[in-house]
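The structure under discussion appears below in the form of structure tokens.
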Amino acid sequence: MSTISYRLPQKRALVTELPGPKSTELGIRRRAAVAAGVGSSVPVYAADADGGVIVDVDGNSLIDLGAGIAVTSIGASDPRVAQAVSEQAAHFTHTCFMVTPYESYIRVAEELAALTPGDHEKRTVLFNSGAEAVENAIKVARLATGRMAVVAFDHAYHGRTNLTMALTAKSMPYKTNFGPFAPEVYRMPMSYPFRDEQGLTGEQAARRAITQIEKQIGADSVAAIILEPIQGEGGFIVPAPGFLPTLTAWAREKGVVFIADEVQTGFARTGSWFACDDEQIVPDIITMAKGIAGGLPLSAITGRAELLDAVHPGGLGGTYGGNPIACAAALATIETMRELDLPARARHIGDTATTRLRALAAQVPAIGEVRGRGAMIAIELVRPGTTEPDADLTKAIAAKALEQGVIVLTCGTYGNVIRLLPPLVIDDDLLDDALTVLEQAIRAAAA
């Protein structure tokens, strides 16, 4: 990785207990003004952020192992992004691409055609959020195939809109009491090596799902399969080798559109530009968001030209989709990722963290598995000697890490997974300090 000049000191430093008095005051104001349904993982309020640190309103400098849920991969205030945003805002903040288009939208589409897997002819549409990207990928697949059924998988997370809630597997907090949901969505078993029967291969797990699809739906009725190459909210589940290639081969044979949801895994996070690259699979459509624009709201679908061009003019779009400021940020983000070779940096982060955490797992029976790829790492917590999930221990570990100034996130269908998504620009000393704090938190909570 090229040398990075940080604007803020890359150090963990606590000057108050957490939350401090200013964060506590903001918490009181929040409860009086913000809907209770909006949750936050930590009770501190950000005032500044750079590289691998977040500074709160009380002056505490915390190590960020969440990156805004895999969004600020290049840091939360990358100077190239800040400059690009400022320059674009000085010219125009919005015209609506569907009314008066602009070059930066086209440039982003060209970049995505070059970066995404496959050398086929591609088309791109830009939106605002991952859920929008997923919804529109499904729209394209249904129109292009003339079929309605969509296959999703156990432990999946695809968003909070009505259709994406239907695709999402986890009920609480995402779906409970929000139905009825969009129809013609069918759920199939995922490859989850830690919890699958011993010896089940990826190909066998895929054949299990394919058999159910053919029995319950019929291949001729399926418009699309949608799958996260590494599941995010479900617990950073890495399917067994062979699972994804077997599914994609079946989909291609049956004329089913294979949609790779790379909203969380994309843009260097797993050590490649996209997680599909790791298994050399080429999706028909890929959905992207999160790490695409350095923290600005932007999402995209990129897919085979014949699929996206099948949609009638006006069938895709949105008032803010591909906002010019977000496009400027995306172009700057991609340039920074290339210059710093952040896929390689993600691999280095992953090797460093998993080596230490697997050594810890050999000593702490409550760690059921350490898994992941690149800078997308999970620790699954269980009751020792079993695979029974331990959500309480998981919460306790996250709380103890925060007490010492390290932000970690939790996830998993059973709420028992610590997930690490550090900014890819975190320096080695800061990462080492964060892992030391996390190890201490795990030992203390498990004891």
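The values are calculated or read from the model by the stated rules, or taken from the named source; none is laboratory data. All of these numbers come straight from a predicted model, not from anything done at the bench. Because the Cβ atoms are built from the backbone with ideal geometry, glycine has one as well, and the counts that use them run over all protein chains shown.
So residue 249 passes all but one of these: (1) assigned to a helix (DSSP H, G or I); (2) of a type outside the set (D, E, K, R); (3) buried (at least 17 other Cβ atoms within 10 Å of the Cβ). Which condition number does it fail?
It fails just one condition, (3).
So, in the range 151-168, exactly how many residues are under 24 Å from residue 308 (Cα atoms), aliphatic (A, V, I, L, M) and either part of a loop (DSSP other than H, G, I, E, B) or in contact with a Leu (Cβ under 7 Å, 6 or more places away or on another chain) (or both)?
1
Quick one: which residue in 330, 300 is touching a residue at least 40 places away in the same chain (Cβ under 8 Å), closer than 17 Å to residue 78 by Cβ and within 18 Å of the chain's Cα centre (by Cα)?
Working: 300 fails: closer than 17 Å to residue 78 by Cβ.
Sole residue among the options that is touching a residue at least 40 places away in the same chain (Cβ under 8 Å), closer than 17 Å to residue 78 by Cβ and within 18 Å of the chain's Cα centre (by Cα): 330.
Taking the stated definitions as given, is residue 336 free of Cβ contacts under 8 Å to residues at least 60 places away in the same chain, surrounded by 16 or more Cβ atoms within 10 Å (Cβ to Cβ), under 28 Å from residue 272 (Cα atoms) and among the β-branched types (Val, Ile, Thr)?
no
Looking only at helices (runs of 4 or more DSSP H) that lie completely in the range 20-101, which have at least 1 residues being of a type in the set (D, E, K, R), surrounded by 15 or more Cβ atoms within 10 Å (Cβ to Cβ) and modelled with pLDDT of 95 or more?
Values: elements: 21-33, 67-70, 79-91.
Fully inside the range 20-101 and qualifying: 21-33, 79-91.
Test residue 144 against the stated conditions and say whether it is among the small types (Gly, Ala, Ser), within 30 Å of residue 340 (Cα to Cα) and outside any strand (DSSP E or B).
no
Checking residue 95 against (1) polar (S, T, N, Q); (2) in contact with a helix residue (DSSP H, G or I) (Cβ under 9 Å, 6 or more places away or on another chain); (3) within 30 Å of residue 39 (Cα to Cα), only one condition comes out false. Which one?
Condition not satisfied by residue 95: (3).
Taking the range 222-246 on its own, how many of its residues are on the phi > 0 side of the Ramachandran plot and under 18 Å from the mean Cα position of the chain (by Cα)?
Residues in the range 222-246 being on the phi > 0 side of the Ramachandran plot and under 18 Å from the mean Cα position of the chain (by Cα): 2 in total.
Does the range 213-228 contain any residue that is touching a helix residue (DSSP H, G or I) at 6+ places or on another chain (Cβ under 9 Å), surrounded by 17 or more Cβ atoms within 10 Å (Cβ to Cβ) and in a helix (DSSP H, G or I)?
yes
Looking at the range 144-160, is at least one residue polar (S, T, N, Q), under 20 Å from residue 221 (Cα atoms) and buried (at least 16 other Cβ atoms within 10 Å of the Cβ)? Outline the logic, then answer.
Step one: list which residues in the range 144-160 are polar (S, T, N, Q), which gives 145.
Still in the list and also under 20 Å from residue 221 (Cα atoms): 145.
Okay, now just the ones that are also buried (at least 16 other Cβ atoms within 10 Å of the Cβ), so 145.
Scanning the range 144-160, I find at least one residue that is polar (S, T, N, Q), under 20 Å from residue 221 (Cα atoms) and buried (at least 16 other Cβ atoms within 10 Å of the Cβ), so the answer is yes.
Pull up the range 256-287, narrow it to residues that are crowded, with 24+ Cβ neighbours inside 10 Å and either polar (S, T, N, Q) or modelled with pLDDT under 95 (or both), then point me to the one that is nearest to residue 111 (Cα to Cα).
So, considering only residues that are crowded, with 24+ Cβ neighbours inside 10 Å and either polar (S, T, N, Q) or modelled with pLDDT under 95 (or both), the one nearest to residue 111 (Cα to Cα) is 287.
Any idea which of 14, 8, 62 is in contact with a Gly (Cβ under 9 Å, 6 or more places away or on another chain) and closer than 28 Å to residue 130 by Cβ? Walk me through it before giving the result.
Numbers: 14 fails: closer than 28 Å to residue 130 by Cβ; 8 fails: closer than 28 Å to residue 130 by Cβ.
Checking each option against the conditions leaves just 62.
Residue by residue, here is whether (1) of a type in the set (Gly, Ala, Ser); (2) at pLDDT 95 or above; (3) under 24 Å from residue 376 (Cβ atoms) holds:
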| site | (1), (2), (3) |
| --- | --- |
| 164 | no, yes, yes |
| 189 | no, yes, yes |
| 205 | yes, yes, yes |
| 209 | yes, yes, yes |
| 219 | yes, yes, no |
| 232 | yes, yes, yes |
| 237 | no, yes, yes |
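If you take just the strands (runs of 3 or more DSSP E) that sit entirely in the range 359-429, which of them hold at least 2 residues that are at pLDDT 95 or above and β-branched (Val, Ile, Thr)? Spell out how you get there, then give the answer.
Details: elements: 367-373, 376-381, 409-411, 417-420.
The qualifying strands (runs of 3 or more DSSP E) are 367-373, 376-381, 417-420.
Scan the range 277-295 for residues that are touching a Leu at 6+ places or on another chain (Cβ under 8 Å) and either more than 17 Å from residue 138 (Cβ to Cβ) or outside the structural domain of residue 138 (by TED's automatic domain parsing) (or both) and jot them down.
Here is the first cut: in the range 277-295, the residues touching a Leu at 6+ places or on another chain (Cβ under 8 Å) are 279, 281, 284-285, 288-289, 292.
Result: 279, 281, 292.
When the range 116-128 is examined, which residues are found to be surrounded by fewer than 19 Cβ atoms within 10 Å (Cβ to Cβ) and touching a residue at least 60 places away in the same chain (Cβ under 8 Å)?
The answer is 118, 120, 121.
Mind checking which residues of the range 169-209 are in contact (Cβ under 8 Å) with a residue 24 or more places away in the chain, of a type in the set (A, V, I, L, M) and either farther than 29 Å from residue 147 by Cα or assigned to a loop (DSSP other than H, G, I, E, B) (or both)?
Across the range 169-209, the qualifying residues are 169, 190, 200.
Looking at (1) in contact (Cβ under 8 Å) with a residue 40 or more places away in the chain; (2) closer than 19 Å to residue 264 by Cβ; (3) of a type outside the set (Phe, Trp, Tyr), find the lone condition where residue 135 falls short.
Of the numbered conditions (1) in contact (Cβ under 8 Å) with a residue 40 or more places away in the chain; (2) closer than 19 Å to residue 264 by Cβ; (3) of a type outside the set (Phe, Trp, Tyr), the odd one out for residue 135 is (1).
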